[in-house]
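First up is the structure itself, then whatever we jot down about it.
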Amino acid sequence: MIHSNCGPIGTVQDRLANEHHNALQRFRMSTPQPTPLGLAPSFGFGDRIGLATPGHIAAARRAGGGIAPMFAQQSIREMTRTNRTPPGVMEDAMNACRAAGWSQPHGADADHLKTPADVSVTAEAGFTFFTIDPSGIVDQQADDYSEARVRELFTEAAGAAPWVNGYRGKTVKLPTGSTIVFDEPALLKAAVKYGRAIEAAVSLATTIRQVQQAAGRDYEIELSVDETEQPTTLAEHYIVADQCLQSGMKLVSLAPRFIGELEKGVDYIGDVQALETSLRDHAAIAHVLGPYKLSLHSGSDKLSMYPALARATGGMFHVKTAGTSYLEALRVAAQEEPELFRELCVFSRTRYDADRATYHVHATLDAVPPPEHLKSDLELQECYLGRWETTPQGDGFTQAGRQILHCTFGSVLTDKRLGPALRACLVEHPAVYEEVLAVHFEKHLSALRAGM
């Protein structure tokens with residue numbers, strides 16, 4: 001037997017295993033593990049670097065009363081772009097919760113899942129809220145097809161939509177006074193647009209149920225059909241949710257594609273009053289069929305519409321943010337290491353046209369002055385991030401430069417020099433990062449609570 005100063009290897013391994021087990025038990029006793037949050041209003045704080053949770057906790061304590069937080073939240077797409085893993089995301093969030101003494105319920109969102117492999121790896125890491133995203137197989141052009149083209153495509157999609165005849169001729173009167181008419185054009189278009197997506201969502205939900213039940217873990221499911229160019233009609237929302245619920249899916253939240261523009265990194269673009277009317281109808285469907293929550297994706301910085309969302313849903317909502325915490329990390333660089341921030345802006349411009357391909361954004365490089373044209377550090381921050389000092393009360397940021405920075409996070413964080421430099425800046429100034437996040441999200445949470 002090989003010996004060391006600490007004794008036989010087998011004995012050392014046993015001791016280390018026991019110490020790890022005891023530490024894990026202490027960890028679990030001191031900080032509640034993520035759990036399903038049910039129909040409580042909830043807010044997801046995405047963290048693409050792994051250092052943002054202290055600021056999220058500070059915001060939740062200042063202004064989150066009545067809104068349950070999800071501190072661990074990351075999509076598979078984001079993890080791929082940042083070289084993170086589900087266990088790493090969970091560990092970063094839970095370590096921060098433990099350090100801050102967080103003792104209230106919180107959830108953990110495995111976001112934008114598309115495959116059984118996505119489910120397995122996030123379930124094993126302890127995520128409890130599984131967001132199914134079949135948007136890749138939603139027909140994005142369905143609203144633009146002629147009736148003849150819809151009928152032609154329906155012959156191919158009919159096998160994935162056996163439910164069509166069950167809705168034919170049906171009408172549903174909502175508590176809002178609106179009526180949903182399931183006529184032939186609406187049904188065929190819904191089948192073409194969402195038939196295969198519903199089929200895929202039901203299949204992945206079955207996988208989630210099997211994995212979680214086998215492990216004896218509770219869970220809940222969100223369905224995302226928001227990443228499309230065209231809004232989800234009331235008839236389409238009704239059919240999608242109804243079919244998922246009929247299949248036995250444990251649906252707690254659904255994200256339709258709402259009217260207006262919900263772009264990354266900037267405030268809502270559109271008529272908020274018209275949106276609130278539409279939200280009331282969508283919320284009525286959620287109440288009649290579920291109940292389940294309405295979910296707002298790309299929710300970062302949509303301050304102008306938050307009160308309307310909270311009012312329309314009666315507080316039964318989920319809001320998902322992610323990129324805005326990365327942008328606030330860049331604000332720390334802008335304040336503490338302005339030359340680094342300037343370099344990040346220059347680099348992001350070189351990556352934007354390629355990295356924006358998977359995002360719904362309107363900003364162009366021509367619309368935003370290059371950093372060398374902005375001599376003042378404060379002017380650069382204003383142009384590329386925005387500042388609360390110059391933003392009207394109740395509004396979110398609208399600067400196009402934010403979209404350039406938002407879409408290029410993966411390129412920055414995986415760059416061999418800039419990624420470590422940004423992280424080192426945040427590690428050097430943790431209190432600054434915590435405070436800018438707390439201020440930022442306090443405004444988000446306060447706007448939501450104003451409508452509750």
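The values are calculated or read from the model by the stated rules, or taken from the named source; none is laboratory data. Given the structure is predicted, the values throughout are model-derived calculations rather than measurements. Don't worry about glycine lacking a Cβ; one is built from the backbone with ideal geometry, like all the others, and counts go over all protein chains shown. For accessibility, only protein heavy atoms count, side chains too; no ligands or nucleic acids. Shrake-Rupley method; radii C 1.70, N 1.55, O 1.52, S 1.80 Å.
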Every residue in the stretch 31-49 that is open to solvent by less than 10 Å² (accessible area, probe 1.4 Å) and of a type in the set (V, I, T), please. T31
Filtered residues of the stretch 231-252 (kept if open to solvent by 20 Å² or more (accessible area, probe 1.4 Å) and under 18 Å from D144 (Cβ atoms)): P231, T233
Would you say T131 is touching a residue at least 24 places away in the same chain (Cβ under 8 Å) and touching a strand residue (DSSP E or B) at 6+ places or on another chain (Cβ under 9 Å)? yes
R217 - would you say it is of a type outside the set (A, V, I, L, M), in a loop (DSSP other than H, G, I, E, B) and open to solvent by 10 Å² or more (accessible area, probe 1.4 Å)? yes
List every residue pair whose Cβ atoms lie under 6 Å apart, where the two residues are 6 or more positions apart in sequence or sit on different chains, the first residue falls within the stretch 80-98 and is closer than 17 Å to H112 by Cβ, and the second residue, located anywhere, is charged (D, E, K, R) and open to solvent by less than 20 Å² (accessible area, probe 1.4 Å). T82/R48
Mind checking which residues of the stretch 290-321 are over 16 Å from E276 (Cα atoms) and among the basic types (K, R)? K320
Which members of the stretch 152-199 meet the condition of being in contact (Cβ under 8 Å) with a residue 40 or more places away in the chain and in contact with a strand residue (DSSP E or B) (Cβ under 8 Å, 6 or more places away or on another chain)? V172, L174, I180, V181, F182
Kindly indicate whether any position in the stretch 163-176 is polar (S, T, N, Q), within 32 Å of the chain's Cα centre (by Cα) and either surrounded by fewer than 17 Cβ atoms within 10 Å (Cβ to Cβ) or modelled with pLDDT of 95 or more (or both). yes
Out of everything in the stretch 296-334 that is among the β-branched types (V, I, T) and within 17 Å of the chain's Cα centre (by Cα), what residue ends up being farthest from S42 (Cα to Cα)? T324
What number of residues within the stretch 50-90 satisfy the criterion of being part of a helix (DSSP H, G or I), β-branched (V, I, T) and surrounded by fewer than 24 Cβ atoms within 10 Å (Cβ to Cβ)? 3
State yes or no: is T122 surrounded by 13 or more Cβ atoms within 10 Å (Cβ to Cβ), of a type in the set (S, T, N, Q) and free of Cβ contacts under 8 Å to residues at least 60 places away in the same chain? yes
Test set (1) open to solvent by 20 Å² or more (accessible area, probe 1.4 Å); (2) aromatic (F, W, Y); (3) more than 20 Å from Q243 (Cβ to Cβ) - F154 fails condition number: (3)
Do you know which residues across the stretch 386-411 are more than 20 Å from the chain's Cα centre (by Cα) and either open to solvent by less than 30 Å² (accessible area, probe 1.4 Å) or basic (K, R) (or both)? G386, R387, T391, A400, G401
Selection from the stretch 415-452 of residues open to solvent by 30 Å² or more (accessible area, probe 1.4 Å), in a helix (DSSP H, G or I) and either closer than 30 Å to L294 by Cα or not aliphatic (A, V, I, L, M) (or both) yields P420, R423, E428, P430, E434, E435, V439, E442, K443, S446, R449, A450
Restricting attention to the stretch 271-289, does a residue exist that is modelled with pLDDT of 95 or more, part of a loop (DSSP other than H, G, I, E, B) and surrounded by 21 or more Cβ atoms within 10 Å (Cβ to Cβ)? no
For the stretch 186-201, check the following and say yes or no: at least one residue is under 19 Å from the mean Cα position of the chain (by Cα) and surrounded by fewer than 18 Cβ atoms within 10 Å (Cβ to Cβ). no
Kindly state which helices (runs of 4 or more DSSP H) lie completely within the stretch 301-364 and contain at least 2 residues that are open to solvent by less than 20 Å² (accessible area, probe 1.4 Å), in contact (Cβ under 8 Å) with a residue 40 or more places away in the chain and of a type in the set (F, W, Y). 338-355
